[in-house]
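Before any comments, here is the structure.
The values are calculated or read from the model by the stated rules, or taken from the named source; none is laboratory data. The shown structure was predicted, so the numbers you read here are calculated from the model rather than taken from an experiment. Reconstructed Cβ throughout: ideal geometry from the backbone, glycine too, with neighbour counts over all protein chains shown. For the accessible areas, the whole protein counts, side chains as well, though only heavy atoms, and no ligand, DNA or RNA atoms are used. Shrake-Rupley method; radii C 1.70, N 1.55, O 1.52, S 1.80 Å.
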2 protein chains.
Amino acid sequence: MDGVGLVETKTYTFAGAPEGFLLESEARLSPVSVAYETYGELNSDGDNAILICHALTGDAHVAGKHSPHDRIPGWWDEMIGPGRVFDTNRYYVVCSNVLGGCYGTTGPSSINPSTGRRYGMSFPVVTIRDMVRVQWELLRYLKVNRLVSVIGGSMGGMQALEWAVTYPDFMESAIPIATSGRLSAQGIAYNQVQRLAITQDPRWNNGDYYGAGGPDAGLALARMIGTITYKSDPSWTAKFGRTFSGKRSDYFKFDGRFEMENYLLYQGQKLVQRFDANTYLYLTKAMDLHDVGRGYESYEKALLRIRCKVLSVGISSDFLYPTPLQKELVQILRRANRDARYAELESPYGHDAFLIEFEKMSGVLSRFLSTL
Amino acid sequence: MDGVGLVETKTYTFAGAPEGFLLESEARLSPVSVAYETYGELNSDGDNAILICHALTGDAHVAGKHSPHDRIPGWWDEMIGPGRVFDTNRYYVVCSNVLGGCYGTTGPSSINPSTGRRYGMSFPVVTIRDMVRVQWELLRYLKVNRLVSVIGGSMGGMQALEWAVTYPDFMESAIPIATSGRLSAQGIAYNQVQRLAITQDPRWNNGDYYGAGGPDAGLALARMIGTITYKSDPSWTAKFGRTFSGKRSDYFKFDGRFEMENYLLYQGQKLVQRFDANTYLYLTKAMDLHDVGRGYESYEKALLRIRCKVLSVGISSDFLYPTPLQKELVQILRRANRDARYAELESPYGHDAFLIEFEKMSGVLSRFLSTL
C-alpha cells in the first residue's frame, strides 16, 4: 500500500473555558470531542503542519486506510503521503471532523451529558468560525505552533478562509478552493430546500429519531438535490445523456427512469447509509451563516486581516460557487498588497472537481507549495 | 384597460378517433377537453393565427383580464393586443392549457368519466407531442388552416419545436425560447427531485388526495427547488444578497431565515394555492420525455423535418437551458439550409427572463415577425 498506509482516527476531548466552550451564538458546549487523524511527524519547532479541512459530508479520514481490508482510502488520499503534494516526509498533516459533525466530533447526534440523550435539535447552532476555533484547540493540544498551510474545498474552503481571518499570524498560507468568504444567496437557497427535504419527512420527528428509523427518504432527497449542484450540466450530459434505464416498454410509465435518475437515487441511498440527518441540517446552516465579515467593520476589512499567502482556487464549471467569487477574494487582497493569487482548475466536473481531478489539483497545489 | 381587454376562457371537448384520443404511449383518453382563449379575429383564409404555448405552471389565460377586478392580466399580456408584438389587429392569437394540465384541459385532476372519480395517478403519461396533437385538434376546430407562428418558452418552447417537427407544413415560423429539442440530463435531474418532493409527502397518498388536503408541503418544496433554477446566481445576489430577515437575535437560531429563504417559501405557498400536485408530476414527466427525435431515424433527422423559419431564442444567464442548446438547434437547421436564426436575450434574470424582460423580448420578437 502506497501513501500513508494504515492510520487511525483519534479523539481529543476538552471541557472548554470554565463554563464550557463558548460558541459564536453565546451558547456553550462541554465537553467537546474532536475526531482527528495525523500523518507525518511534527518537527521540534511545531511549525511544519498542514491542516486540511473537509467539506459538508466529509470526515477526518483524509488519507490511508483504517484496515488492510478497506476498499477505498481516505477522501483525498491521492494528495497525501511520501512524495505526494502534501509530502508526509516534510509535513505533519492534520485533518479533523468539524464541530457539529457526525464522525466523532461533537454534534447533534452526540450524547448530551446533561440529559444522557442525543442532542438532536437541542444542539446549538454552530458556525464555520466555531469549527475553526475548535480546530485551533486541537492544534494547540497537538503542539502545533504554526501552519505551513490551511486548505480545504467548499465548506472546507470556508474554514480555510475563516482560519486566515481569525488567526492571521498562525499560518504561512491558506488555500481556499471552490468557495467564498460568505455564502451566496443561491447557496443559501440550495441549502434551504435540502433542509426542508429532511424536516418535511415525518420520520424526522423534530430531530428526535435516534433509534427509531430516521428521515431516510428526506436525507436521500437532500443529497440528490445537492448532488445535482456538485457537478455540471455538460458533465451530466456526457455521463448519462438521455439514456433510459430498464425496459423499453417502461418508457411511457410514470415510474420509468432515466439513468440520470438512477444515479441520483443511488447517491441519495449511499449517503443515508453513512450520514446523520440532523448533522446535515446543522452543517448546511453553518454554511448559510458563513460570512468572514461578521463582527468586523466590513467584509473587506475582515479579509484584510489576512497576512498569509493566499491561493484561491476556482473551478471553471462550478455554478454553485462560480469563479468570480474566488477571483473577488484575490482582488480584494491584492488591492491591499496582500500576497494573493488565483488559479483556475479547468474541468467539466463542476464544484466537485477538487475531489475528482487529483492530477490537475496536484499540479496547482504543488506549484503553490513550492513558493512557500 | 389597454391590450385585449376582457376575455374569457372557453372549452372545446372532443371524443377523439373511434376509441378515444390515442396517446404516444398507446393509451387512449376520451373525452378530451381543452381550455383555450383567443384574441383578435381569424381571417377568411384561416391563416393569420399565432399559437402561444405556455410553460410548466402556466395556463390558457395569456392576455387580458377575466374581470375588471382582476389585479393582474394574463401571463404575457404585455406582448399581446392592438399595436403590441402579437398585434391583435393583424393576428388571431390562440393559447390553450396543455394536455395533462389543471386549468381546464383534461389532466390528472379531471374526472375520469368511466369511474366518476378524478384520474389521479391512473391518468396516462402524456408527452409534449401529445400536447401538440391536442392543440392541433383545437386549431382544426377553430378553423385555423395555417399558423403565422407557434411560440413558447421553456416547456412552451418544447411544444413550439414539436409543432414544427410534427406538422411541418402548418406554420410559417416557430419561435422556441429558452428550450431545447430534448431535455438534458440536468433538466431530468431537477424534475426528478421536484417530483420526489411531492411523492415523498405522505399527504400525496399515491395521488389520491382530492378532497382530503393534498401534499401542500411537497408541492411547495418542488416549486422552491424549481424557482432556484428559474433565475440566476447574480440575480439572487442582487435581489437578496445575505440580508437576514427578522430580529438580529434570531440570527443564530436554527429557524432564523434569510430574505432569500422567505422569498422561496412565499413562492412555494403561492403555487400551492393555484396548482395541482399530480399535474406537477405529469407535466414534469412530459418534459423529461421530451425528445423531438423519438420515433425518427435520429434527433437531427427529426429536426430536419422542419420547413418553417425558426427563431431560436436563448437567455444569456439561463443555466437550466444554457444557450449552447438553442445555438445547437440553429446550427443543425442551418447546416441543412433551413432558415433558422439565433437571438440572445441579454439578461441577468436567468431562465425566467422571457416572462420578465418584456421590452427586450418584444424587440427580439418584433424584429423577427417583421421578416415574415
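A few remarks follow.
- Per-region count, the range B:69-123, residues within 14 Å of chain A (Cβ to nearest Cβ) and aromatic (F, W, Y): 2
- Hits in the range A:9-30 (condition: in contact with a strand residue (DSSP E or B) (Cβ under 7 Å, 6 or more places away or on another chain) and surrounded by fewer than 16 Cβ atoms within 10 Å (Cβ to Cβ)): A:K10, A:T11, A:T13, A:E19, A:G20, A:R28
- Evaluation of A:R129 against the conditions (1) in contact with a His (Cβ under 7 Å, 6 or more places away or on another chain); (2) within 18 Å of A:E24 (Cβ to Cβ) shows that the sole unmet condition is (1).
- Enumeration of residues in the range A:219-238 that are more than 7 Å from chain B (Cβ to nearest Cβ) and not hydroxyl-bearing (S, T, Y): A:L219, A:A220, A:A222, A:R223, A:G226, A:K231, A:P234, A:A238
- Per the listing A:L304, A:L265, the residue uniquely open to solvent by 10 Å² or more (accessible area, probe 1.4 Å), closer than 27 Å to B:R242 by Cα and of a type in the set (A, V, I, L, M, F, W, C) is A:L304.
- Within the range A:337-353, considering residues that are assigned to a strand (DSSP E or B) and open to solvent by 60 Å² or more (accessible area, probe 1.4 Å), the one nearest to A:I306 (Cα to Cα): A:R341
- Subset of the range A:142-173 (residues that are part of a helix (DSSP H, G or I) and more than 20 Å from A:G100 (Cα to Cα)): A:A164, A:V165
- Lone qualifier among B:V165, B:V126 - being within 11 Å of chain A (Cβ to nearest Cβ), under 19 Å from the mean Cα position of the chain (by Cα) and within 26 Å of A:D233 (Cα to Cα): B:V126
- Taken over the range B:206-240, the criterion of being surrounded by 15 or more Cβ atoms within 10 Å (Cβ to Cβ) and over 26 Å from B:R274 (Cα atoms) is satisfied by B:D233, B:P234, B:T237.
- Of all the residues in the range A:78-118, those that are among the β-branched types (V, I, T) and either without any contact (Cβ under 8 Å) to a residue 12 or more places away in the chain or outside the structural domain of A:N48 (by TED's automatic domain parsing) (or both) number 2.
One line per residue, one yes/no per condition, for (1) buried (at least 22 other Cβ atoms within 10 Å of the Cβ); (2) assigned to a strand (DSSP E or B):
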| position | (1), (2) |
| --- | --- |
| A:S33 | no, yes |
| A:D45 | no, no |
| A:I50 | yes, yes |
| A:G58 | yes, no |
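- Tally, over the range B:208-218, of residues that are among the small types (G, A, S), touching a residue at least 40 places away in the same chain (Cβ under 8 Å) and either in contact with a strand residue (DSSP E or B) (Cβ under 7 Å, 6 or more places away or on another chain) or more than 9 Å from chain A (Cβ to nearest Cβ) (or both): 1
- Test for A:G256: is it modelled with pLDDT under 95 and over 20 Å from the mean Cα position of the chain (by Cα): no
Per-residue answers, yes or no, for (1) over 30 Å from A:N191 (Cα atoms); (2) within 14 Å of another protein chain (Cβ to nearest Cβ):
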| position | (1), (2) |
| --- | --- |
| A:G3 | yes, no |
| A:T9 | no, no |
| A:S25 | no, yes |
| A:R28 | no, yes |
| A:Y36 | no, no |
| A:Y39 | yes, no |
| A:N43 | yes, no |
| A:D47 | yes, no |
| A:L51 | no, no |
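- Residue check, A:E162 surrounded by 23 or more Cβ atoms within 10 Å (Cβ to Cβ) and touching a residue at least 12 places away in the same chain (Cβ under 8 Å): yes
- Selection of first residues in the range A:239-261 that are more than 10 Å from chain B (Cβ to nearest Cβ) and of second residues that are at pLDDT 95 or above, restricted to Cβ pairs under 6 Å at least 6 apart or on distinct chains, gives the following pairs, ordered by first then second residue: A:S245/A:R257; A:S245/A:E259; A:S245/A:N262; A:D250/A:G256.
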